[in-house]
Amino acid sequence: MRQAMILAAGLGTRLRPLTDTMPKALVPVGGRPLLDIVIDKLAQQGFDRFVVNVHHFAQQIIDHVKSLEIPSILISDETAQLLETGGALKKAQQLFRDDEPILIHNVDILDNVDYQWFSRQHQPDEDAVLLVSRRKTKRYLLFDNAMRLMGWKNIETGEVKSPYPWLRESDFTIDDSLEVHALPNSQLSTLNTQLYAFAFSGIHSFSPRLFPLMDRFPDRFAIIDFYLSVCHRASIVGLPKQDLQVLDVGKLDSLQEAEDFLIRL
């Protein structure tokens with residue numbers, strides 16, 4: 001048995017005018033709503049419980065879910081307030097079984113991930129597994145040589161987030177080959193620690209053991225900020241996938257690309 005949370009509460013502003021009359025989750029790709037595409041894929045790979053958070057045109061999603069032939073789809077209602085990725089998970093915690101990891105997946109993401117494989121990669125002693133790849137982006141997660149999460153850097157602004165003071169105080173660069181280089185006299189250079197930069201796919205596996213650590217967080221927060229706050233006291237690891245293909249169906253001009261993507265898969 002496997003369980004998943006599908007993040008479907010977003011406003012879908014980049015998909016206007018379609019989302020002026022429907023939620024992003026019900027935008028069709030190849031004649032099928034995005035929500036159905038994600039749920040069907042996961043159901044075929046052994047998932048039997050789904051939690052879907054709703055906000056924008058929430059009732060449309062609720063009514064649509066009732067029409068599906070999958071009884072184990074539960075709704076987490078965020079009509080009063082959008083809670084972001086971390087807050088959504090925190091609010092929905094009572095809807096999950098507490099003895100197995102939770103796959104977190106955005107409703108507007110299409111991918112080539114084998115989720116039976118991904119579920120097997122989450123080891124019993126790991127609190128969260130983040131699917132990552134060697135892809136150029138503006139914001140990188142930083143891992144040590146055991147792929148334990150250490151921090152995050154925005155290469156445009158230079159901002160660094162980490163629970164480790166030595167990393168926040170370090171001067172380092174990430175080059176075009178995605179190698180991390182400590183600058184002279186930085187804390188990182190002094191400690192002789194090697195870091196590795198990866199792009200986060202937005203797909204991750206979350207252990208319910210982490211829920212108590214969310215108690216001190218507000219109702220609304222991003223899950224990546226949570227991970228960066230607790231990675232020094234919890235086992236948050238990265239899982240690289242070399243052939244990872246992820247398509248964000250976030251704009252109108254991406255809809256045809258999404259149909260082509262599904263055909264290729």
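Each value in this text was obtained by applying a stated rule to the coordinates, not by laboratory testing. Computed from a predicted model, the values in this text were never measured in an experiment. Heads up, the Cβs are rebuilt from the backbone with ideal geometry, glycines too, and the neighbour counts pull from every protein chain shown.
Placing +1 at every Lys and Arg Cβ and -1 at every Asp and Glu Cβ, with all other atoms neutral, what dipole size does region 104-191 have around its Cα centre, in debye to the nearest 20? Can you show the working numbers first?
Details: 10 positive and 14 negative charges, 18 e Å.
Roughly 80 debye, rounded to the nearest 20.
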Compute the distance in nm between two label points, each set 7 Å from the Cα along the Cα-to-Cβ direction, one at residue 11 and one at residue 125. 4.5
With +1 on each Lys and Arg Cβ and -1 on each Asp and Glu Cβ, how big is the dipole of region 45-161 about its Cα centre, in debye rounded to the nearest 20? 520
Quick one: helix 58-67 against the long Cα principal axis of the chain, what's the angle to the nearest 10°, folded into 0 to 90? 60
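Between rounded, prolate and oblate, where does region 1-114 land on the alpha carbon gyration tensor, with a ≥ b ≥ c its root eigenvalues, rounded for a/c under 1.5, else prolate if a/b exceeds b/c?
Because a/c hits 1.5 or more and a/b fails to exceed b/c, region 1-114 counts as oblate.
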Can you find, among 238, 202, 214, the residue farthest towards the positive end of the dipole of region 175-238? Put +1 on the C-beta of Lys and Arg, -1 on that of Asp and Glu. 214
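Over region 114-260, calculate the relative contact order: mean separation of alpha carbon pairs under 8 Å at least 6 apart, over the residue count, as a percent.
On the way: 229 pairs, mean separation 50.1, N = 147.
Dividing the mean separation by the residue count of region 114-260 yields 34 percent.
Once you sort the root eigenvalues of the Cα gyration tensor of region 98-145 as a ≥ b ≥ c, which label holds: rounded (a/c under 1.5), prolate (a/b larger than b/c) or oblate (the other case)?
Oblate, since a/c reaches 1.5 and b/c is not below a/b.
To the nearest 20 debye, what is the magnitude of the charge dipole of the chain about its Cα centre, counting +1 on the Cβ of each Lys and Arg and -1 on the Cβ of each Asp and Glu? Walk me through the intermediate numbers first.
Working: 28 positive and 35 negative charges, 48 e Å.
It comes to approximately 240 debye.
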Answer with a single label: of [x] 49; [y] 40; [z] 33, which was calculated as percent of Cα pairs over 29 Å apart from the structure in view? [z]
Point-to-point label distance, residue 154-residue 139, nm (Cα→Cβ direction, 7 Å offset): 0.8
Taking a ≥ b ≥ c as the square roots of the eigenvalues of the Cα gyration tensor, with a/c under 1.5 meaning rounded and otherwise prolate when a/b exceeds b/c and oblate if not, region 167-265 is oblate
7 Å from Cα along Cα→Cβ at both residue 243 and residue 60: what's the point-to-point distance in nm? 3.7
Before anything else, pin down the relative contact order of the chain: Cα pairs under 8 Å, at least 6 apart, normalised by residue count, whole percent. 25
Where does the charge balance sit around residue 139 when Lys and Arg score +1, Asp and Glu -1, over other residues with C-beta under 10 Å from its C-beta? +1
May I ask which of 66/90; 138/161; 41/136; 136/241 have a Cα-Cα span longer than 22 Å here? 66/90; 41/136
Go through 123, 252, 64 and say which Cα lies farthest out towards the positive end of the charge dipole of the chain; charges sit on Cβ, +1 for Lys and Arg, -1 for Asp and Glu. 123
